[in-house]
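**Student:** Handing you this structure, nothing more for now.
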Amino acid sequence: MTTNITLRLSDVNSRAAAAAVAAGRNPDDVAVIAVSKTVNRDCIRAVYDAGHRQFGENKMQELAKKAAHLPDDIEWHTIGHLQKNKVRLAVQHSDLIHSVDSVQLLRRIDTIAGELGKRQKILLQANVTGEFTKHGVAEEALEDFLQTAIACANIDCLGLMTMAAFGASQQALESTFGTLRTCRDRLEKKFDILLPELSMGMSGDYEIAIAQGATLVRVGTAIFGARQV
Ligand SMILES: *Cc1c(COP(=O)(O)O)cnc(C)c1O
């Protein structure tokens, strides 16, 4: 079981590196976040023992529990929709929160990071597909949103994150990921800041995302196998 996991991990790592090289990029500029939601500690441990250090979770109680029982040098990424009442756990345990998509959430993270004496690294979650979903800031609203993020004393905004539409064609995926990169480039110019991270791409489409400039790909099932729940 764990042998399969480590084989799949090394397959994902080499495919990610190959996709970077094919796009004329440095493979070191692309990190695979192993999405370990619902995955038990033994399986996470196997991936850790294979040398992997970046893991992603979307449920904060689950993250807190895993963090308490796994090595301290793991870098935890909060990737899913974050509820207001889970912000404290998220700030306590996350190196990077990918999924910040409301001003209310931004302010709450800023306040709690201040209380905990931490600078919290975040990404703004953008909805660039125009698809109706509850999560992600619309493209037109990103400027105002980033402005607010920059003004937060205890937050470092490192870039943008997006979720592609479920079941999208390769062409639609390229367009979604390409649009996120263009938004990032535009915001960097407008605010004269660096937004180095683009979190985009999952098990089915991380190579396409890397071709479009992803620096963080969030890969669950391609490493750990199908989720039980
Ligand atoms: C679950 C999840 C992933 C990983 O999905 P896979 O298809 O299993 O790779 C990536 N990003 C987010 C936000 C998720 O919730």
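**Student:** Per 0.36 nm of contour for each residue apart, how much would the distance between Gln92 and Ser14 grow if the chain were fully extended, relative to their Cα-Cα spacing?
**Tutor:** 24.9 nm
**Student:** Taking the Cα centre of each part, how many Å lie between the stretch 1-15 and the stretch 76-155?
**Tutor:** The distance from the Cα centre of the stretch 1-15 to that of the stretch 76-155 comes to 31 Å.
**Student:** Can you give the extra length, in nm with one decimal, that the chain gains between Asn4 and Ser169 once fully stretched, where that is 0.36 nm per residue apart less the Cα-Cα distance?
**Tutor:** Between Asn4 and Ser169, full extension yields 56.5 nm more.
**Student:** I would also like to ask the following. For Glu174, Glu197, which order do you get if you count the other beta carbons within 10 Å of each Cβ and list the fewest first?
**Tutor:** Listing Glu174, Glu197 from fewest to most nearby Cβ atoms yields Glu174, Glu197.
**Student:** Okay, next question. Say each of Thr133 and Asp42 gets a label point 7 Å from the Cα, pointing the same way as Cα to Cβ; how far apart are those two points in nm?
**Tutor:** Spacing of the two 7 Å Cα→Cβ label points: 3.3 nm.
**Student:** Do the sum for the chain: with -39,500 (n - 2.57) for every DSSP H run of n ≥ 4, divided by all residues, what is the mean residue ellipticity at 222 nm, to the nearest 500 deg cm²/dmol?
**Tutor:** Here the helix-only value at 222 nm equals -14000 deg cm²/dmol.
**Student:** Pull up the cross-link candidates among the aspartates and glutamates for Lys65, meaning alpha carbon to alpha carbon under 17 Å and not fewer than 8 places away within one chain.
**Tutor:** Qualifying aspartates and glutamates at Cα under 17 Å: Asp42, Glu57, Asp73, Glu75, Asp95.
**Student:** Over 10 Å intervals from 0, what percent of Cα-Cα pairs in the stretch 142-229 sits in each interval?
**Tutor:** 16, 43, 28, 12, 1
**Student:** While we're looking at this one, here's another question. Could you state the per residue volume, in Å³, of the convex hull enclosing the Cα atoms of the stretch 10-57?
**Tutor:** 72 Å³
**Student:** Within 10 Å of each residue's Cβ, count the other Cβ atoms and sort Arg15, Arg119, Arg218 from fewest upward.
**Tutor:** Taking fewest neighbouring Cβ atoms as first place, the list is Arg119, Arg15, Arg218.
**Student:** Kirkwood Rh, the stretch 37-159, all Cα pairs: how many Å?
**Tutor:** Evaluated over the stretch 37-159, this radius sits at 15.0 Å.
**Student:** Give the Debye-formula value of log10 I(q)/I(0) at each listed q (0.13, 0.20, 0.24 Å⁻¹), with one equal scatterer per alpha carbon of the stretch 1-108, two decimals each.
**Tutor:** Values returned for q = 0.13, 0.20, 0.24 Å⁻¹ are -0.54, -1.03, -1.24.
**Student:** Please compute the contact order of the chain in relative form: average sequence separation of alpha-carbon pairs under 8 Å and at least six residues apart, divided by the residue count, as a percent.
**Tutor:** In percent, rounded to a whole number, it is 22.
**Student:** With charges only on Cβ, +1 for K and R and -1 for D and E, what is the dipole size of the stretch 2-224 about its Cα centre, in debye, rounded to 20?
**Tutor:** Using only the charged Cβ atoms, the result is roughly 600 debye.
**Student:** For His93, His69, His52, His98, what's the fewest-to-most ordering of other Cβ within 10 Å of each Cβ?
**Tutor:** Lowest count first: His69, His93, His52, His98.
**Student:** Give me the one-decimal nm value for the distance between modelled label points at Gln104 and Ala151, 7 Å along each residue's Cα-to-Cβ direction.
**Tutor:** 1.9 nm
**Student:** Can you tell me how much longer the chain between Arg186 and Arg119 gets when fully stretched, taken as 0.36 nm per residue apart minus their C-alpha distance, in nm with one decimal?
**Tutor:** Length gained between Arg186 and Arg119: 21.6 nm.
**Student:** For the stretch 79-229, just run the numbers: alpha carbon Rg, then divide by 2.2 N^0.38 Å, N being how many residues it has.
**Tutor:** After normalising by residue count via 2.2 N^0.38 Å, the value is 1.02.
**Student:** Between Lys84 and Ala23, what is the label-point separation in nm under the 7 Å Cα-to-beta-carbon projection?
**Tutor:** With each label point 7 Å from Cα toward Cβ, the separation is 3.6 nm.
Read-outs: derived from the displayed coordinates by stated rules, not from any lab. The structure displayed is predicted, hence computed values, not measured ones. Don't worry about glycine lacking a Cβ; one is built from the backbone with ideal geometry, like all the others, and counts go over all protein chains shown.
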